[in-house]
1. Go through region 413-438 and report how many residues are hydrophobic (A, V, I, L, M, F, W, C), in a strand (DSSP E or B) and in contact (Cβ under 8 Å) with a residue 12 or more places away in the chain.
2. Residue check: is Leu473 at pLDDT 85 or above, closer than 16 Å to Tyr519 by Cα, outside the structural domain of Glu210 (by TED's automatic domain parsing) and surrounded by fewer than 15 Cβ atoms within 10 Å (Cβ to Cβ)?
3. Would you pick out the residues in region 556-570 that are assigned to a helix (DSSP H, G or I) and either hydrophobic (A, V, I, L, M, F, W, C) or modelled with pLDDT under 85 (or both)?
4. Quick check on my filter: what residues within region 283-313 are modelled with pLDDT under 70 and either closer than 16 Å to Lys177 by Cα or of a type in the set (Lys, Arg) (or both)?
5. Whether any residue in region 299-312 is among the basic types (Lys, Arg), in a helix (DSSP H, G or I) and crowded, with 21+ Cβ neighbours inside 10 Å is what I want to check.
6. Glu288 - would you say it is surrounded by fewer than 20 Cβ atoms within 10 Å (Cβ to Cβ) and out of contact with any helix residue (DSSP H, G or I) (no Cβ under 9 Å at 6 or more places or on another chain)?
7. Test Ile511 against the stated conditions and say whether it is touching a Phe, Trp or Tyr at 6+ places or on another chain (Cβ under 7 Å), surrounded by 20 or more Cβ atoms within 10 Å (Cβ to Cβ), part of a helix (DSSP H, G or I) and modelled with pLDDT under 85.
Amino acid sequence: MTKIKKLPQNLANKIAAGEVVERPASIIKELVENSLDAGAKSITVTFEDGGKRLIRIADDGFGMDEEDLLLAFERHATSKIASVDDLMNIQTMGFRGEALASIASVAKIEAKTCLQNSTEGVFLRIDGGEVQELKKVIAVPGTTLTIKNLFFNIPARRKFLRSKSAETMQILNILKKFTIAYPEISFLVFDESERVLAYKSETLEERLQEIFGKRTFSTLIPIETQVGDVKITGFVEKPESVRKSIGEQHIFLNRRAISSRLLNKAVFSGYGNLITKGDYPLFALFLEMPATEFDINVHPAKLEVKFSEEQEIFNAVFNTVRDVFSLSFAIPSFKETALKQVYRPKFDPQQITLDREKPFVYSKKEQKNEFPFSVKDFPPEELLRPTEMIRKQETETPKQVHNSMSGKFWQVHNTYIFSQIKSGLVVIDQHVAHERILFERALRSFEENQFSSQKLLFPQTLQLTKEDHLILLEIMPYLEKIGFELKDYGNNSIVVEGVPSDVRFSDESSILVEMLEYYKENEYKESDVKINIAASFACHSAIKAGVKLTEEEMRVLVDELFGTESPYFCPHGRPIVVNLSLVELNKKFQRS
């Protein structure tokens with residue numbers, strides 16, 4: 001007997017399905033692409049249980065006759081390409097002829113389709129790849145596909161799907177890209193029976209305002225340029241409005257959403273010194289170029305792309321973004337001499353080794369510290385760690401340090417608080433000190449409701465994306481525990497009616513947006529929701545560096561700091577207190 005055997009067709013289909021059907025969102029992606037290729041002007045998406053129980057895509061496209069409908073579920077059957085030349089000149093969203101066959105092998109499918117200018121359609125039902133029913137029906141022009149019980153015949157695959165909310169977020173992220181790329185198409189999206197998205201046919205500007213909100217849209221700068229055969233349009237965010245969370249970087253190639261480390265690097269490099277490491281600007285860039293100049297057929301999901309001239313594409317995007325900020329802000333650092341620091345003329349794409357899930361972030365050279373000293377200037381033993389201090393220096397405990405302070409406080413650069421102690425000098429960072437106080441108070445409030453609320457004279461309305469609205473609704477009970485008074489206003493809006501007392505806010509809605517970004521960024525790093533929210537609240541509500549404090553305010557801050565359980569480090573691990581001992585001061589001044 002031979003060792004090599006040909007796989008049964010049903011097993012081969014299920015294996016191939018693993019390349020295309022990763023989760024419910026990937027099914028929706030493939031089916032929406034088919035609707036777009038069919039000339040649909042309106043697309044309705046319905047899903048239940050995060051798409052695990054049901055997915056339905058209905059469009060008003062060309063429709064199919066009975067023969068085409070049956071062929072559509074055959075593997076490698078497609079109307080998009082017929083020769084190798086066609087493969088190197090892809091003009092459509094779908095073309096591989098694998099999506100419907102793959103989906104049909106791992107789910108139960110019902111399809112109803114009708115040609116334009118007709119009322120007689122065809123209904124087809126397939127279970128696990130086997131045709132169960134085929135009949136003529138009365139239908140409206142277009143195609144409706146219903147997918148039920150995903151992975152019902154592969155329970156091992158089904159158990160690896162994530163929670164309903166996690167799968168729902170993936171679906172909404174996929175649909176967001178389609179709604180950005182095709183603003184002229186109307187989209188309706190239903191989660192169970194609730195309408196979660198409703199976009200009419202509109203301009204790109206109108207669509208982006210609906211998706212991101214007018215407030216965020218006002219921070220975007222339009223771009224439009226032509227470099228050879230490459231046209232680049234879209235919007236990039238102003239440097240002062242960038243955020244700390246990944247997820248709103250959108251690049252489209254001939255209106256197809258793609259993942260490209262090359263282009264991400266070009267965009268971030270174009271910002272140059274205007275953003276720092278850890279900053280993620282929002283952008284939606286559209287590249288249009290001849291299909292013969294790139295290959296989208298390098299991955300079954302059609303997300304990755306290879307360019308025939310990578311250096312030229314990189315240069316085009318980089319220069320476009322750079323020039324936008326050079327013209328908009330007239331920043332001298334964007335002169336040729338400064339550009340040489342951030343852009344290498346000879347770019348080697350092979351040198352990119354970044355995580356493909358994360359966009360490239362340009363890391364500028366560390367600037368000189370404007371203060372005469374920093375934490376880095378002192379050896380580790382000078383940081384006040386309770387156990388090390390007691391064991392190594394046999395000096396005061398935190399309580400003793402607090403009690404030994406002179407009672408007089410000085411503020412340096414409106415950032416650091418100085419006070420004399422018996423062994424030398426204590427320096428306290430006012431921001432992280434307040435952060436530690438608020439963090440511990442927030443954690444206690446989840447159990448004891450220690451925060452009181454202060455009503456706003458004028459309530460503020462916060463317009464969110466659908467994804468952010470869902471997240472905020474999920475964490476709202478925790479926010480209310482720490483003093484926020486919030487109401488769901490519908491249509492992805494939240495009304496802020498009250499905020500925690502005794503906390504300085506310049507813009508209440510901005511604080512919530514920043515907290516939401518922080519929460520999303522750390523959702524998978526910090527499994528404890530309470531700690532994540534408490535740290536986010538503390539970070540964005542604490543007194544900022546540069547805020548002038550009275551001596552009484554400094555005294556209260558120090559007293560509250562040393563009343564916490566961990567007065568030496570903020571929730572992120574940054575030091576709060578630095579001890580400048582007399583011994584070290586004598587050394588620096590060369591005193592014996």
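1. Residues of region 413-438 that are hydrophobic (A, V, I, L, M, F, W, C), as a first pass: 417-418, 421, 425-428, 432-433, 437-438.
Applying the additional criterion that residues be in a strand (DSSP E or B) yields 417-418, 421, 425-428.
Subsequent filtering for residues that are in contact (Cβ under 8 Å) with a residue 12 or more places away in the chain retains 417, 421, 425-428.
Result for region 413-438: 6.
2. Numbers: at pLDDT 85 or above: yes; closer than 16 Å to Tyr519 by Cα: yes; outside the structural domain of Glu210 (by TED's automatic domain parsing): yes; surrounded by fewer than 15 Cβ atoms within 10 Å (Cβ to Cβ): yes.
Yes: the conditions hold for Leu473.
3. Initial filter on region 556-570 (assigned to a helix (DSSP H, G or I)): 556-561.
Listed by number, the residues that qualify are Val556, Leu557, Val558, Leu561.
4. Those that are modelled with pLDDT under 70 and either closer than 16 Å to Lys177 by Cα or of a type in the set (Lys, Arg) (or both): Ala301, Lys302, Leu303.
5. Going residue by residue through region 299-312, those that are among the basic types (Lys, Arg) are 302, 306.
From what is left, the residues that are in a helix (DSSP H, G or I) are none.
So far as region 299-312 goes, no, none of its residues is among the basic types (Lys, Arg), in a helix (DSSP H, G or I) and crowded, with 21+ Cβ neighbours inside 10 Å.
6. Values: surrounded by fewer than 20 Cβ atoms within 10 Å (Cβ to Cβ): yes; out of contact with any helix residue (DSSP H, G or I) (no Cβ under 9 Å at 6 or more places or on another chain): yes.
Yes; evaluated as a whole, the condition is true for this residue.
7. Numbers: touching a Phe, Trp or Tyr at 6+ places or on another chain (Cβ under 7 Å): yes; surrounded by 20 or more Cβ atoms within 10 Å (Cβ to Cβ): yes; part of a helix (DSSP H, G or I): yes; modelled with pLDDT under 85: yes.
In short, yes.
Residue by residue, here is whether (1) in contact with a Phe, Trp or Tyr (Cβ under 9 Å, 6 or more places away or on another chain); (2) over 21 Å from Glu293 (Cβ atoms); (3) surrounded by 17 or more Cβ atoms within 10 Å (Cβ to Cβ) holds:
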| site | (1), (2), (3) |
| --- | --- |
| Asp229 | no, no, no |
| Phe235 | yes, yes, yes |
| Ser260 | yes, no, yes |
| Ala266 | yes, no, yes |
| Leu282 | yes, yes, yes |
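The values are calculated or read from the model by the stated rules, or taken from the named source; none is laboratory data. Note that the coordinates shown come from a computational prediction; the quantities given were computed from them, not determined experimentally. So basically every Cβ, Gly included, is an ideal-geometry build from the backbone, and we count neighbours across all protein chains shown.
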